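A.B. asks: Please find one structure pasted underneath; my questions will follow.
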């Protein structure tokens, strides 16, 4: 049994019940288990003639297997147990895949992540509204007062900067410069000619866009000389135009070659001027409200930018991609796509306006404002006619705007102020119920 | 002219009508009454699409810029 093995090792092997035949089959780990150092075990096996290399490879392979197998399964189940937002879970899952860890390391990482998340959460009794107001208000002081700016899209002017931000938060019925971004179906979005044709199709075309107008005062008539090139461009014939003009405005129209001669009902100067105005504003073709279209190429696809907005009609047009149509008229979005879409629109419009001015405001503040504006199911402005005007407290409303009116109305109706909010408590000189002021703790010294 | 469901628009998040049991569980979880939830009107285009009636609660799965996905709830009101 000796064969050059030290007597001590031999004793251990015998104690563990190894016979020569058993020893031949045994691997390094088996011997290590029996209480022999791995270096010793290797030398024993070498003497017996067991091929050590393979068993060594097996060992290292096993360690890798056990590491990866255990981790991946455990990572997934551990992540499932955590109460973290999906974006953090995704980031963890992605990053944990690239490194090898033991279970304790994994636990450590997850614990630190959860701790950091809990720390980042807003604290109870924090005045989030005030912080949001300040966070939007301070950058507002740095914004330019200039209204017009040619942002990227040549030719179409858009209200930007402070006026636009005010417009968004005031939930104006119609923005001062309504604008749409129309993206197109895959079939035609790369074809310039097809896109241009579609643009002519959508753009509102009045009679005055198609020819030159002159007023013949002697005969009391309007003469429009149609432009042949424009007609073929917009694929419309002079006959069509005459017919459509008759249908839409109900006047006497005579066609003489490429000349349209229009008579007002009564031959008066006033009547004549009114008719010109009517011709100017009536769309013979296209969608009313879309005053102009600019086509721009944006990474391999053509995009239509329109001056004027008509979301409901555009959504049902052929050739456009209805899922990606955008407008800057938030009230229109609320009407056509619903209150949740309007909320998204408030957030993205406000963020874009701030970002364009080079100001970084945390999106959470804007989200809070958007949530307040939409929580009643309809778009409400932040101001006297919206959120601020609906506060329960008289003093709080009076402190905001039109003080006397509110106090007078409250006196007439005999309103009661519960003094539950912040502003009213500041007015009467009580501690406000915010932060530490909202916690009732009694310290018992002893 | 063709039909287009507003639910397919990029800006409209997913709206799901909750069953009565789900509403009960929700109110219990957050210790609120239905009146304390944000509102959505029956005239809202999305409400019409999913046939929501006044008194129902809809669950909204928003794409959040911060959290990835965020859940929100709205009470359907007459309007």
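Bear in mind these aren't lab numbers, they're just calculated from the coordinates by the rules spelled out. All of these numbers come straight from a predicted model, not from anything done at the bench. Methodologically, a virtual Cβ is constructed for each residue, glycine included, from the backbone with ideal geometry; neighbour enumeration extends over all protein chains shown.
A.B. asks: Along the Cα→Cβ direction, 7 angstrom out, place labels at residue A:216 and residue A:405. What is the inter-label distance in nm?
C.D. replies: That separation, rounded to one decimal, is 5.6 nm.
A.B. asks: Compute the length gained on full extension between residue A:261 and residue A:312: take 0.36 nm times their separation in residues and subtract their Cα-Cα distance, giving the result in nm to one decimal.
C.D. replies: Result for the pair: 14.8 nm of gain on full extension.
A.B. asks: Can you compute the FRET efficiency between residue A:112 and residue B:29 using 1/(1 + (r/R0)^6), with r the Cβ-Cβ distance and R0 = 30 Å? Round to the nearest 0.05.
C.D. replies: 0.60
A.B. asks: Size of segment B:6-77 along its principal axes in angstrom, Cα-based, largest extent first?
C.D. replies: Rounded to whole Å, the extents work out to 32, 30, 18 Å.
A.B. asks: A further question on this structure: Can you pull the Rg over Rh of segment A:80-202, Cα-only, Kirkwood? Mind showing how you got there, number by number?
C.D. replies: Numbers: Rg = 24.3 Å, Rh = 20.5 Å.
Expressed as Rg/Rh, it is 1.18.
A.B. asks: Just to be sure I understand the curve: with the Debye formula and one point per C-alpha of segment A:252-397, what is log10 I(q)/I(0) at q = 0.13, 0.16 Å⁻¹?
C.D. replies: -0.83, -1.01
A.B. asks: Now for a separate question. Obtain the nm distance between the two label points defined at residue A:187 and residue A:99 by a simple spin-label model: each point lies 7 Å from its Cα along the Cα-to-C-beta direction.
C.D. replies: 5.2
A.B. asks: Additional query: Could you give the alpha-carbon Rg of segment A:192-322 over 2.2 N^0.38 Å, rounded to two decimals?
C.D. replies: Taking N as the residue count of segment A:192-322, the ratio is 1.18.
A.B. asks: Over chain B, with a Gaussian network built from C-alpha contacts below 10 Å, which listed residue (B:65, B:18, B:27) shows the highest mean-square fluctuation?
C.D. replies: In this elastic network of chain B, the residue with the biggest mean-square fluctuation among B:65, B:18, B:27 is B:65.
A.B. asks: Still on this model: Between residue A:133 and residue A:82, what FRET efficiency comes out of the Förster formula 1/(1 + (r/R0)^6) with R0 = 45 Å and r the beta carbon distance, rounded to 0.05?
C.D. replies: E between residue A:82 and residue A:133, to the nearest 0.05, is 0.85.
A.B. asks: For segment A:201-256, just list the percent of Cα-Cα distances falling in each 10 Å bin from zero outward, please.
C.D. replies: Percent of pairs per bin, in order: 21, 57, 20, 2.
A.B. asks: Along the principal axes of its C-alpha atoms, what lengths does segment A:317-407 span, in descending order and rounded to whole Å?
C.D. replies: 57, 31, 18
A.B. asks: Which whole number in µm²/s is D for segment A:381-423 by Stokes-Einstein, with the Kirkwood Rh taken over Cα pairs at 10 °C and 1.306 mPa s?
C.D. replies: Details: Rh = 10.4 Å.
Calculated translational D: 152 µm²/s.
A.B. asks: On to the next question. Simple spin-label model, 7 Å along Cα-to-Cβ: residue A:443 to residue A:288 in nm?
C.D. replies: Going from the residue A:443 label point to the residue A:288 one covers 7.2 nm.
A.B. asks: In whole Å, what are the extents of segment A:147-237 along the principal axes defined by its C-alpha atoms, from largest to smallest?
C.D. replies: 53, 42, 22
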